[in-house]
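Scroll down for the structure; my scribbles are underneath it.
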Amino acid sequence: MYPIRRNRRLRTNEAIRSLVRETIITPNDFLVPLFVVEGKGVKEEIASMPNYYRYSLDLLSEEVKQLWSMGLKSVLLFVKVPDLLKDNKGTEALNPDGLMQRAVKTIKNACPEMLVMTDVALDPYSIYGHDGVLVDGKVLNDDTAEILADMSISHAEAGADFVAPSDMMDGRILTIREALEDEGFTDTGIMSYSAKYASAFYGPFRDALDSAPANMKNVPKDKKTYQMDPGNRDEALRETEMDIDEGADIVMIKPGIAYLDIVREIRNEVEVPVAVYQVSGEYAMIKAAAEKGWLDHDAVMMEQITAIKRAGAHIIASYFAKDVVNFIS
């Protein structure tokens, strides 16, 4: 007897496949990471991230206008801080005329409706490359959280719509939320890196910002005392629930493809938007393999982006954002 239901009828051609497709990618899915440097007329390609750049403020204006014209409406800012401005407490992070603060203002002047999120962490400002204050080889949690709160206020004063703490210090979301409330920034949101793993996929990003842990005596060689163990799953849900209880408006899982089980677990359990960061190593691997002719760049790019959204992401932070929009348009 022949089957009455043949599932292949819904795969017969592209028209029917498109009509019944469950996961659709649009420009509204993306948060675009942007790297900012001092100078003028600077557009530096990041060697380990082909076709991705650091921008000086004048060219940053042009880039965000282009993003907006493509339907990309949200950016996540990172700054490359000159070494001479780095110390152990991230003092430069609180400078009202610092690079991050000027970058926020530049974007809001160029494209007022662009949603601006800012990275909140000490590693770009630290002489040791760690996400917190380092004393006797240990990253101090509570001292760091207080600095992160001050940094968040500085970003809000500059015009940031959301602050994005990426440090993984315990209790920092509550500390930041209370500080923002006390200063009257009740509408400034928090996107928390709630489940950020101590991943090997971050290498190119650290090249982009020169923010790798310093090879110095009494400096931890990695970030495993505060970022999550890749072997843990239940812990991710506990971390995320704590951040929501402390005031996070959006929660993030980082990295992406290697942690889709975590994405689905969290999406099933929480009622706030879930973001996923498709990180630099994931981007670099596709670019490098495509350059070698070992895989189809666009096909693999779209498959990975689709997988991230299918797993449960409301928001995808990805270096592929412009490539994807060009592909689907």
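By DSSP, the beta bridges lying fully in the chain are antiparallel in about 20 percent of cases. Distance distribution P(r), region 158-219, all Cα-Cα pairs, bin width 5 angstrom from 0: 4, 13, 19, 18, 17, 13, 10, 4, 1 percent.
What FRET efficiency, computed as 1/(1 + (r/R0)^6) with R0 = 45 Å and r the Cβ-Cβ distance, is obtained for residue 329 and residue 143, rounded to the nearest 0.05?
The computed FRET efficiency comes out at 0.40.
With runs of 4+ DSSP H residues as the only contributors, calculate the mean residue ellipticity of the chain at 222 nm using -39,500 (n - 2.57) per run, divided by the residue total and rounded to the nearest 500.
Values: 11 runs with 126 residues, N = 329.
It comes out at -11500 deg cm²/dmol, rounded to the nearest 500.
Within region 132-198, the GluC sites (Glu not before Pro) that combine a DSSP coil assignment with at most 15 other C-beta atoms in a 10 angstrom radius are 183.
Using only the Cα atoms of region 208-318, build the gyration tensor, take square roots of its eigenvalues as a ≥ b ≥ c, and label the shape rounded, prolate or oblate: rounded if a/c is under 1.5, else prolate if a/b is larger than b/c, else oblate. Judged from the Cα gyration tensor, region 208-318 comes out oblate (a/c at least 1.5, b/c at or above a/b). In summary, the aspartates and glutamates within cross-link reach of residue 108, defined as a Cα separation below 20 angstrom excluding same-chain residues under 8 places away, comprise 38, 58, 62, 63, 97, 119, 157, 161, 187.
Would you mind checking the pairs 65/224; 65/287; 65/292; 138/196; 43/138; 138/309 and listing those with alpha carbons more than 30 angstrom apart?
Table pairs above 30 Å Cα-Cα are 65/224; 65/292; 43/138; 138/309.
Taking a label point 7 Å from the Cα of residue 21 along the Cα→Cβ vector, which residues of region 58-79 have an amide N closer than 20 Å to it? Counting only backbone N, you get 70-73. Annotation note: trypsin sites (Lys or Arg not before Pro) in region 246-293 located in DSSP loop regions with a Cβ neighbour count of at most 11 within 10 Å are 292. Surface exposure of region 1-159, expressed per residue as accessible area with a 1.4 Å probe, stands at 50 Å².
Computed as a quarter of the hull surface, the mean projected area of the alpha carbon convex hull for the chain stands at 19.3 nm².
The values are calculated or read from the model by the stated rules, or taken from the named source; none is laboratory data. No experiment lies behind these values; they were computed from the predicted model shown. Every residue, glycine as well, gets a Cβ built from its backbone with ideal geometry; the counts of neighbours run over all protein chains shown. Accessible surface areas use protein heavy atoms only, side chains included; no ligands, DNA or RNA. Shrake-Rupley method; radii C 1.70, N 1.55, O 1.52, S 1.80 Å.
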